[in-house]
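Undergrad: Before I ask anything, here is the structure I am working with.
The values are calculated or read from the model by the stated rules, or taken from the named source; none is laboratory data. Please read all numbers here as calculations on a predicted model, not as lab measurements. Neighbour counts are summed over all protein chains in view; Cβ atoms, including those assigned to glycine, are modelled from backbone coordinates with ideal geometry.
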Amino acid sequence: MHRRITDKLVIATHNPGKLAEMRELLAPYGIEAVSAGELGLPEPEETGNDFRSNAAIKAIAAAQASKLPAFADDSGIVVDALDGAPGIYSARWAGPTKDFNAAMAQIERLLQERGATTPDKRKAHFVSALCVAWPDDHREEVEARVDGTLIWPPRGTAGFGYDPMFLPDGHSRTFGEMTSIEKHGLPPLGLGLSHRARAFRKLAEICLEPR
């Protein structure tokens, strides 16, 4: 039996870019959202082997610490020519200073080493796994992806993370060149294009009611 989110919610992230996207997605539902960072909650160690497991670890930790429902995302970029790397380690590739320019340069260097110089050899997809956990251990979980091609040099300064080098299929601009509404805005304002927006639409169907 699915459970509805009805009141206050903790967003289990310390990432300001991810927090901004999640708050925008939740806004139409009238849910009061506070972040784990704002509550001073520690970041749990992400020991899962996949996106779904790590999202659950973060949501459960925040729910138990705050005694409120907690909403977590675990997401990353999966590059075919790199055998799925960086995958669940996408954030870690940026290092402790969150230098995604260096992380993108590392991906490009590895692609060049493998001779992945044409678009057909530079396929990748973003994955987003979402989990809402309640203090009584009830959980709702969904996952989605968006496919695309990696370009070089990166283009655009919008978004965050690997967005400037990711060109979604069927589009001529990278995620880094799109406005927030274009990238993850939900209908009727946007197309719900991003991996996080697609996962959120699934979650909204089972857990949220528009206000």
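Undergrad: Is there a residue being in contact with a strand residue (DSSP E or B) (Cβ under 7 Å, 6 or more places away or on another chain) and of a type in the set (G, A, S) anywhere in region 15-23?
TA: No - not one qualifying residue is present in region 15-23.
Undergrad: Here is a further query. Kindly evaluate S128 against the criterion of being among the polar types (S, T, N, Q), in contact with an Asp or Glu (Cβ under 9 Å, 6 or more places away or on another chain) and either surrounded by 22 or more Cβ atoms within 10 Å (Cβ to Cβ) or touching a residue at least 60 places away in the same chain (Cβ under 8 Å) (or both).
TA: yes
Undergrad: Within region 169-208, which residues are surrounded by fewer than 21 Cβ atoms within 10 Å (Cβ to Cβ), β-branched (V, I, T) and either modelled with pLDDT of 90 or more or assigned to a loop (DSSP other than H, G, I, E, B) (or both)?
TA: T179, I206 - these are the residues of region 169-208 that are surrounded by fewer than 21 Cβ atoms within 10 Å (Cβ to Cβ), β-branched (V, I, T) and either modelled with pLDDT of 90 or more or assigned to a loop (DSSP other than H, G, I, E, B) (or both).
Undergrad: Moving to a separate point now. With (1) assigned to a loop (DSSP other than H, G, I, E, B); (2) farther than 29 Å from L39 by Cα; (3) in contact (Cβ under 8 Å) with a residue 12 or more places away in the chain; (4) touching a strand residue (DSSP E or B) at 6+ places or on another chain (Cβ under 7 Å) as the list, and L68 as the residue in question, which single condition is left unmet?
TA: It is condition (2) that L68 fails.
Undergrad: Looking at (1) under 28 Å from S53 (Cβ atoms); (2) among the small types (G, A, S); (3) free of Cβ contacts under 8 Å to residues at least 40 places away in the same chain, which is the only condition A105 fails?
TA: (1) is the only condition that A105 fails.
Undergrad: Applying the selection to region 25-41, what residues are over 16 Å from L68 (Cβ atoms) and free of Cβ contacts under 8 Å to residues at least 24 places away in the same chain?
TA: Across region 25-41, the qualifying residue is only A27.
Undergrad: Residues being more than 28 Å from I11 (Cα to Cα) and assigned to a loop (DSSP other than H, G, I, E, B): count how many of those fall in region 112-168.
TA: Result for region 112-168: 11.
Undergrad: Across region 9-43, what is the total count of residues that are part of a loop (DSSP other than H, G, I, E, B) and surrounded by fewer than 18 Cβ atoms within 10 Å (Cβ to Cβ)?
TA: So the count comes out to 8.
Undergrad: Considering only region 131-182, state which residues are basic (K, R), in contact (Cβ under 8 Å) with a residue 40 or more places away in the chain and under 26 Å from D99 (Cα atoms).
TA: Of everything in region 131-182, just one residue is basic (K, R), in contact (Cβ under 8 Å) with a residue 40 or more places away in the chain and under 26 Å from D99 (Cα atoms), namely R145.
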